[in-house]
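Below: the structure, in structure tokens.
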Amino acid sequence: MWTHASWDLGSKDKLRSYDTVTLFGRPATSLAEREAWMNKPRVARRTQALTARPIVRYIGRDDPDQTVAGWQDWAELAASWLREGRSPTVFIHTPDNVGALWLARRFHDDVRARVPDLEPLPEPLDVSPPTLF
């Protein structure tokens, strides 16, 4: 029987072939993760950049440590794209998106550690409402 070589990979490698491996790699541990499990697509990971501006949508877990551990391959890939002269855009999500801004900044720092010439992100602007006093 003929099979494609990649079909013979171990289960961990098979999970890595999907861009939602961090979200779907372990059972859901919260209501937000369960909802994400039901609503997020399980699509094949695409790691070959076809344009000068590749886009990645990364969906992590409620646990920031698991989210950070899960994006290490993407951080390395984003760094390699930058070294090739590409301009990747990476969207960082969690099931409830609480802390997504902090995680996006952390991802940028992780990529910057691999590409020292990458500029740091500007500090966020204060968006609190003005007061009369």
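The set of residues in the stretch 88-125 being part of a loop (DSSP other than H, G, I, E, B) and loosely packed, with under 11 Cβ neighbours inside 10 Å consists of 116, 117, 119, 120, 122, 123, 124, 125. Taking the criterion of being part of a helix (DSSP H, G or I), crowded, with 18+ Cβ neighbours inside 10 Å and in contact with a helix residue (DSSP H, G or I) (Cβ under 7 Å, 6 or more places away or on another chain), the residues of the stretch 69-78 that qualify are 70, 75, 78. Annotation note: Cβ proximity below 9 Å between a residue of the stretch 94-114 that is over 14 Å from residue 72 (Cβ atoms) and a residue that is aromatic (Phe, Trp, Tyr) (sequence gap 6+ or interchain) occurs for 95/37; 100/91; 104/91.
Counting residues in the stretch 122-130 that are farther than 18 Å from residue 36 by Cβ, among the β-branched types (Val, Ile, Thr) and under 17 Å from the mean Cα position of the chain (by Cα) gives zero.
Yes/no matrix, rows are residues, columns are (1) touching a Cys at 6+ places or on another chain (Cβ under 7 Å); (2) modelled with pLDDT under 85; (3) not β-branched (Val, Ile, Thr):
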| residue | (1), (2), (3) |
| --- | --- |
| 8 | no, yes, yes |
| 30 | no, yes, yes |
| 36 | no, yes, yes |
| 52 | no, no, yes |
| 55 | no, no, no |
| 80 | no, no, yes |
| 96 | no, no, yes |
| 101 | no, no, yes |
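The values are calculated or read from the model by the stated rules, or taken from the named source; none is laboratory data. All values derive from a computational prediction rather than experimental measurement. Don't worry about glycine lacking a Cβ; one is built from the backbone with ideal geometry, like all the others, and counts go over all protein chains shown.
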